[in-house]
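The values are calculated or read from the model by the stated rules, or taken from the named source; none is laboratory data. Just so we're clear, the structure is a prediction, and the values are computed from it rather than from any experiment. All Cβ positions, glycine included, derive from the backbone under ideal geometry; neighbour counts span all protein chains shown. For accessibility, only protein heavy atoms count, side chains too; no ligands or nucleic acids. Shrake-Rupley method; radii C 1.70, N 1.55, O 1.52, S 1.80 Å.
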Amino acid sequence: MVTRSYSRAITDGAARHPHAGAITCDGVSVTWAELDARTNRLARAYAALGVEQGTFVTIGLPNSIGFLEAAIATWKLGATPQPVSHRLPDRERQAIVDLADSVLVVGADPGAHPGRITLPADWQPDAAIDDGALPDVVSARWKAPTSGGSTGRPKLIVAVDPGVVDTELPPPYQIGRDAVVLVPGPLYHNAPFGFSTIALMNGNHVVILPRFDAEATLAAIDSHRPDLVLLVPTMMQRISRLPEDVRGRYDVSSLNVVWHMASPCPPWLKEAWIEWIGGEKIYELYAGTEGQAVTIVRGDEWLAHRGTVGRPVIGEMRIQDPDTFALLPAGEIGEVFMRAPGNRRTYEYVGAEARLSPDGWESLGDMGYMDADGYLFLADRRKDMILSGGANIYPAEIEAAIDEHPDVVSCAVIGLPDDDLGSRVHAVVQVGAPIDSDALRAFLAARLVRYKIPRTFEFVDRPVRDDAGKVRRSALRDERS
């Protein structure tokens, strides 16, 4: 294995094709030479603010060239980027910053995090700072994304792998070298962040959208001719529902690989994309941010095993009874447990503990079954988690925020079927006095990022929970579905 640091990968890219495009967003591009110089200057500015090897930098910027430049500058100092949504309220971001003990928060207003150094989204380093080459260092932990966790409290999922790229092996996930990769999803999510990073470190031109838009995604494919695009099923559905004459305006023939992940894909939607793009180009991946094990299935293979998310290609998976941990036979639904290759650690939690079987296999809480050929089929991807538009949403976090309202007695948050998002967040709220839905939304806006705020509210005057504080969310869903 021959590796080079993420820092060196950017510098080498600048030396090899200085005038080629490196990153494009919203009609603006930077070349590899510009990217290397700009991130050298930015890294020196971060260093002057206290960032050094082994520290965390929280990045809360919208999708932009600046988001990826902030991550690269962090890697060039041997530090770890910790991406979060730019829409997080200060209080929610504060909990994450405290967990990470971040030296620097990028994309936060001054004073938002007392005792921390913050930089607003439009901040730029002094142009007089040197943009020449930096000493080559390696980030020991290349990323630290977040999850709300089933407890409703945030946690960091810190990758234990270093920020290096293997120059001898082909890049993973069908990503090429010196090609074009399109990522229309939010960069603070694990998959868009990871795919963008892998693509850049292997010399690709990464095209990102400031926000997802169905027609804008097709226009980007038509104009930039990407080899690969990363989607979630909600994006696929919105693209598929564009008028036929709109879809027909754009040439998508450059695509060799279309990845989708992050939430279940309805079979009808997957079949429509297989028919449109070709089964040999459609790939689905199932894994957690933790990365213990990964399944992959190609579209033409999926047609022979309709509904599967594939067989494990990295690590191992097995199905166990969630209570007794007994191994279950093929076809029987249970909890999906995973083990990384060689049983090595792939991540560390900060703010949570892993769910382990007695013999050390790990679970993300997903339910499913395997058939006799070893193909995994997911039932409910989590017992209580809501998958909405590709985002993982945990009811406990939302319920805790709703319960803060003085007129709320108790509440339960569930996911209800939604043709566009897959599931919509619905809150059943027991009230002690009348509450206006708009006022409750405004109350929650200071506590929750926008996509976690329930789209619908149902106000009731009877208890939502029993005397022990328990709620049967499955019964509430069944009554309303």
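Tabulated data for the structure shown
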item: Alpha-carbon radius of gyration plus Dmax, which is the widest Cα pair, for the stretch 380-481 in Å; result: 12.8, 36
item: Axial C-alpha extent at least 20 Å, average Kyte-Doolittle at least -1.0 - helices from the chain (DSSP); result: 32-48
item: Computed [θ] at 222 nm, helices only, for the chain once each DSSP H run of length n ≥ 4 contributes -39500 (n - 2.57); result: -8000 deg cm²/dmol
item: Distance (nanometres) between label positions extended 7 Å along Cα→Cβ at GLU280 and THR3; result: 3.5 nm
item: Average accessible area per residue (Å²) across the chain - probe 1.4 Å, nucleic acids and ligands excluded; result: 42 Å²
item: Relative contact order computed over the chain (Cα-Cα under 8 Å; 6+ residues apart), in percent; result: 12 percent
item: Cα-based Lys pair tally, the chain, threshold under 15 Å, eight or more apart or on separate chains; result: 4
item: Extension reserve of the ALA379-ARG91 stretch, reckoned as 0.36 nm per residue once the Cα distance is removed; result: 100.2 nm
item: Most to least packed among 221-227, 114-120, 31-37 [average Cβ atoms within 10 Å]; result: 31-37, 221-227, 114-120
item: DSSP beta bridge pairing in the chain, given as percent antiparallel to the nearest 5; result: 60 percent
item: Antiparallel DSSP beta bridges within the stretch 228-344, as percent of all bridges there, nearest 5; result: 65 percent
item: LEU328 accessible area, 1.4 Å probe, all protein chains in place, Å² to nearest 10; result: 40 Å²
item: Cut-off under 5 Å, modelled amide H: who pairs with LYS143 long-range; result: ALA159
item: Where labels lie 7 Å past Cα in the beta-carbon direction, separation of ASP136 and ASP166 in nm; result: 1.9 nm
item: Taking the convex hull of Cα positions in the chain, its mean projected area over all directions (nm²); result: 23.6 nm²
item: Centre separation in Å (Cα based) which lies between the stretch 413-481 and the stretch 62-82; result: 36 Å
item: R0 of 25 Å, Cβ-Cβ distance HIS17-SER253: FRET efficiency to nearest 0.05; result: 0.50
item: Between the stretch 261-279 and the stretch 202-251, the alpha-carbon center distance in angstrom; result: 15 Å
